[in-house]
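We did not get these values from a lab; they are worked out from the coordinates using the rules stated. Just so it is clear, the structure is predicted and the values come from calculations on it, not from any experiment. Because the Cβ atoms are built from the backbone with ideal geometry, glycine has one as well, and the counts that use them run over all protein chains shown.
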Amino acid sequence: MKLFNGILVAVDGSEASQRALETGASMAAAHDEPLHLLYVIRDMQFPEGLSRMAEVERLVGSRADVLGFVANKLLKQARRDARDLGAKQVETVSREGDPATQIVALAKEKELGLIVLGTRGLGTVSGALLGSVSRKVSNIAEQHVLIVR
Ligand SMILES: Nc1ncnc2c1ncn2[C@@H]1O[C@H](COP(=O)(O)OP(=O)(O)OP(=O)(O)O)[C@@H](O)[C@H]1O
Ligand SMILES: [Mg+2]
């Protein structure tokens, strides 16, 4: 019997998330668990009136292209790394929105029993403190959460 029914690793391209990926992929390989890799593109928030300006719409469009490109690159590399570590079944997903909310939502939708994250990400939090995404996920998730130090 599978212990988790699948493992979700949240990746943001940071060193800490790379360690989380290595741990999650090794666990998936050792226990023959399907591995899901998720990258979340963050929402941008504007005042109503401004977001409808033609210039802003155009700029938001080109930002979305850049972010989509980066998401693809990042997930492709993560998939390769996971395969190299022996993970057999690897799915990659990118979503938009609040990272923690999307991470927990995907785990719930796919009924994945374990979420793996790094302590920190690309932000500027230092020391042993958790970043806001790992903090929020561990607060709201109904699944097991593994925070890789
Ligand atoms: N956009 C994202 N998509 C997927 N996973 C993410 C994303 N952002 C963070 N994570 C996951 O959460 C872990 C912790 O990152 P977090 O964002 O909490 O720290 P931080 O960037 O240092 O702090 P903050 O974002 O609060 O400034 C990462 O190692 C990664 O596993
Ligand atoms: Mg962050």
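Worth pointing out:
- For the stretch 1-47: rounded, prolate or oblate by the Cα gyration tensor [a/c cutoff 1.5]: oblate
- Across all Cα pairs in the chain, the calculated P(r) in 10 Å bins from zero up to the longest distance comes to 12, 40, 31, 13, 4, 0 percent per bin.
- Under 9 Å, Cβ to Cβ, from D32 - net charge with Lys/Arg +1 and Asp/Glu -1: +1
- The local environment of N5, defined by Cβ-Cβ distances under 14 Å, has a net charge of -3 under the rule Lys, Arg +1 and Asp, Glu -1.
- Extension reserve of the S138-T124 stretch, reckoned as 0.36 nm per residue once the Cα distance is removed: 3.1 nm
- Take each peptide in 112-122, 10-20, 136-146, 25-35, count the other Cβ atoms within 10 Å of every residue, and average; sorted highest first, the result is 112-122, 10-20, 25-35, 136-146.
- Local net charge near A71, Cβ-Cβ under 13 Å (Lys/Arg +1, Asp/Glu -1): +3
- Filter on K73/K108; K2/K136; K2/K110; K76/K136; K88/K136 - keep pairs with C-alpha separation over 22 Å: K73/K108; K2/K136; K76/K136; K88/K136
- Between helix 99-109 and the chain: long-axis angle, C-alpha atoms, 0 to 90°, nearest 10: 50
- Length added when fully stretched, E15-A64, from 0.36 nm per residue minus Cα-Cα: 15.2 nm
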